[in-house]
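Below you'll find the structure, written out as structure tokens, and then a few comments.
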Amino acid sequence: MSKPIIGKEEWCSFKELGLPAIKARIDSGAKTSSLHAFNIQVVQEGEEKYAHFDIHPVQNNRKVIQSCRAKIVARRIVKSSSGNTEKRYVIQTPVSIGDEEWEIEVTLTNRDAMGYRMLLGREAMKGRVLIDPDSSFCLGELDDAEVLKNYRESMPSKGGLKILLLASNKDLYSNQRLLEAAAQRGHEIQFANISQCYMNICSSDPDIFYRGGESLTQYDAVIPRIRPSMTYYGCALTRQFQTMGAFCLNDSVSIARSRDKLRSLQFLAKSGIPIPKTGFANSPVDTEDLIKSVGGAPTVVKLLEGTQGKGVVLANTMKAAESVINAFKSLKVNILVQEFIKEADGKDIRCFVIDGKVVGAIQREAAEGEFRANLHLGGTASPIKITSDERKIAVQAAKSMGLKVAGVDIIRSKNGPMVLEVNSSPGLEGIEDVTGKDVAGLMIESIEKSFKKQNPALDAPA
Ligand code: ADP
């Protein structure tokens, strides 16, 4: 019988492991085969040793978890493609590809960070198949819905909340982490792209629809992660969700307030929170007096709606400050002028606040020759221990803005800590990376707590 031709990726199944469909990378460059596995436990059963392990069989999906059991035939040192060596358990089990089935040896390793949950190496394919490395799925393709149907029983038990992540780019680290954290805590979470939602504003039956017309009424909670360019529409959608009775992790008024630098500084000042001396004027006639009112040059000029440090300029002399301000004004953009906190030395502190608590803080330091500490501008993040004063100010700042989740940026001045800005969609990557904390999980926990408060009988899902 002629050998089947397979491509560089194929669907395969492992009936003894209870894995009806798993996408495998076919790699004749690799000697051994490996299967994604975590929570590996070795159990002695009579004379034999068995591996009990869990697997996320579906690529990019940690919600589906399948528990497997297989006989261990060896323990071997394996060198991965990245050059690392690891001692792995080897199991023996039948694999099916197309109409063929045969026994192979597979090593167990955590492949979560890898593109494929399964790698089929040359030893497992020897004499069984021919490989066409330029093709994919020669023996048939499956779509996501079909694959998930196969794993319906491995989905987390319901009883959790229905959560909607309202954002723009699903692939961003922060969004991926929130999707993952909610699923891990037993909730059903869906991503909706802000620009693809539309709403029906009526008093009796307000609704929001998604793309092909799916109604988004059924969500218990919404996590708005609105990018600055989508503030107006994103806030309108969030408001509509609030109208429909969904719990929003940050509400639309607080988000809109935090997006306007002047408005938020006015709020902070009103609440007695220290901020750098700040001036704002409309007419170019007042430019000189405006600069003097914040202590003269050097001075910082900021676009009211700039983000990631892009609209922040340091003017070293009075003349430079006047030119920058007048240039901005001629472009009809709104700016504010701020006292330059020189002693901050290009550093600021990002405090991540959830429900009135600082859950993590990092110091950001500007790149060489730069005064702005933004990570997007090449700044670096490091761990920092904040003072009780800084902690208090960060919590107060989030509270005064009405934000349950906030990134509060603090600068250390000779007169003590001052708040620069309060961000309503703070990024998770820097803070999780540096502090090692599951900040996404804490955000989901905050949603659970608010539901528990409303309904004390409800147990937070495991
Ligand atoms: P953005 O919202 O665009 O990030 P910020 O107001 O937070 O703008 O400013 C960006 C960075 O510039 C801050 O993180 C800080 O490092 C620096 N910076 C901003 N304002 C001042 C100031 N008044 N004095 C000294 N440095 C400042």
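Here are some notes:
- Summed over region 246-286, residues that are assigned to a helix (DSSP H, G or I) and free of Cβ contacts under 8 Å to residues at least 40 places away in the same chain total 7.
- Leading residue by the ranking (farthest from the ligand (Cβ to nearest atom)) among those in region 277-291 that are surrounded by 15 or more Cβ atoms within 10 Å (Cβ to Cβ) and at pLDDT 80 or above: 287
- Odd one out for residue 352, checked against (1) away from the ligand (no atom under 12 Å from the Cβ); (2) under 20 Å from residue 266 (Cβ atoms): (2)
- Selected residue (criterion: surrounded by the fewest Cβ atoms within 10 Å (Cβ to Cβ)) from residues of region 116-151 that are farther than 23 Å from residue 64 by Cβ and of a type in the set (Gly, Ala, Ser): 127
- Yes/no for residue 345 being of a type outside the set (Gly, Ala, Ser), within 12 Å of the ligand (Cβ to nearest atom) and over 15 Å from residue 434 (Cα atoms): yes
- Looking across region 406-420 at every residue that is out of contact with any helix residue (DSSP H, G or I) (no Cβ under 7 Å at 6 or more places or on another chain) and among the hydrophobic types (A, V, I, L, M, F, W, C), the one that is farthest from the ligand (Cβ to nearest atom) is identified as 418.
- Within region 106-125, the residues that satisfy the criterion of being in a strand (DSSP E or B) and under 15 Å from residue 84 (Cβ atoms) are 107, 109, 119.
- Selection status of residue 297, more than 30 Å from residue 391 (Cβ to Cβ), touching a Ser or Thr at 6+ places or on another chain (Cβ under 7 Å), within 15 Å of the ligand (Cβ to nearest atom) and in a helix (DSSP H, G or I): no
- Considering region 219-270, and only residues there that are more than 20 Å from residue 206 (Cα to Cα) and hydroxyl-bearing (Ser, Thr, Tyr), the residue that is farthest from the chain's Cα centre (by Cα) turns out to be 264.
- Pairs linking a residue in region 385-411 that is closer than 15 Å to residue 271 by Cα to a residue that is more than 14 Å from the ligand (Cβ to nearest atom) and polar (S, T, N, Q), with Cβ atoms under 8 Å and 6 or more positions apart or on different chains, are 396/271; 397/271; 399/271; 400/271; 401/254; 402/254; 403/250; 403/254.
- One residue from 403, 375 being modelled with pLDDT of 95 or more, more than 8 Å from the ligand (Cβ to nearest atom) and crowded, with 16+ Cβ neighbours inside 10 Å: 403
- Residue match in region 304-313 (condition: more than 14 Å from the ligand (Cβ to nearest atom), of a type in the set (Lys, Arg) and either surrounded by fewer than 16 Cβ atoms within 10 Å (Cβ to Cβ) or not in a helix (DSSP H, G or I) (or both)): no
To keep it simple, each residue is scored yes or no on (1) within 23 Å of residue 429 (Cβ to Cβ); (2) free of Cβ contacts under 8 Å to residues at least 40 places away in the same chain.
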{"site": "193", "(1), (2)": "yes, yes"}
{"site": "196", "(1), (2)": "no, yes"}
{"site": "207", "(1), (2)": "no, yes"}
{"site": "217", "(1), (2)": "no, yes"}
{"site": "234", "(1), (2)": "yes, no"}
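- Residue within region 269-276 that is over 18 Å from residue 344 (Cβ atoms), in contact with a helix residue (DSSP H, G or I) (Cβ under 9 Å, 6 or more places away or on another chain), of a type in the set (A, V, I, L, M, F, W, C) and within 14 Å of the ligand (Cβ to nearest atom) present: no
- Residue 387 vs. criteria within 16 Å of the ligand (Cβ to nearest atom) and polar (S, T, N, Q): no
- Restricting 358, 395 to residues that are among the aliphatic types (A, V, I, L, M), away from the ligand (no atom under 14 Å from the Cβ), assigned by TED's automatic domain parsing to the domain that holds residue 410 and in a strand (DSSP E or B) narrows the list to 358.
- From the options 30, 51, residue that is touching a residue at least 24 places away in the same chain (Cβ under 8 Å) and not in a loop (DSSP other than H, G, I, E, B): 51
- Of all residues in region 417-431, those that are in the same structural domain as residue 359 (by TED's automatic domain parsing) have Cβ atoms under 7 Å from Cβ atoms of residues that are of a type in the set (Phe, Trp, Tyr) and part of a strand (DSSP E or B), 6 or more apart or on another chain, in 426/352; 431/352.
- Qualifying positions in region 41-77 - buried (at least 17 other Cβ atoms within 10 Å of the Cβ), hydrophobic (A, V, I, L, M, F, W, C) and out of contact with any Pro (no Cβ under 8 Å at 6 or more places or on another chain): 51, 53, 55, 58, 68, 70, 72
- Among the residues making up region 70-103, a single one is more than 17 Å from residue 23 (Cα to Cα) and in contact with a helix residue (DSSP H, G or I) (Cβ under 8 Å, 6 or more places away or on another chain): 70.
- The sole residue among 324, 313, 353 that is within 22 Å of residue 228 (Cα to Cα) and without any contact (Cβ under 8 Å) to a residue 24 or more places away in the chain is 313.
- Condition check for residue 194: touching a Leu at 6+ places or on another chain (Cβ under 7 Å) and either of a type in the set (Val, Ile, Thr) or at pLDDT 95 or above (or both): yes
The values are calculated or read from the model by the stated rules, or taken from the named source; none is laboratory data. Given the structure is predicted, the values throughout are model-derived calculations rather than measurements. Heads up, the Cβs are rebuilt from the backbone with ideal geometry, glycines too, and the neighbour counts pull from every protein chain shown.
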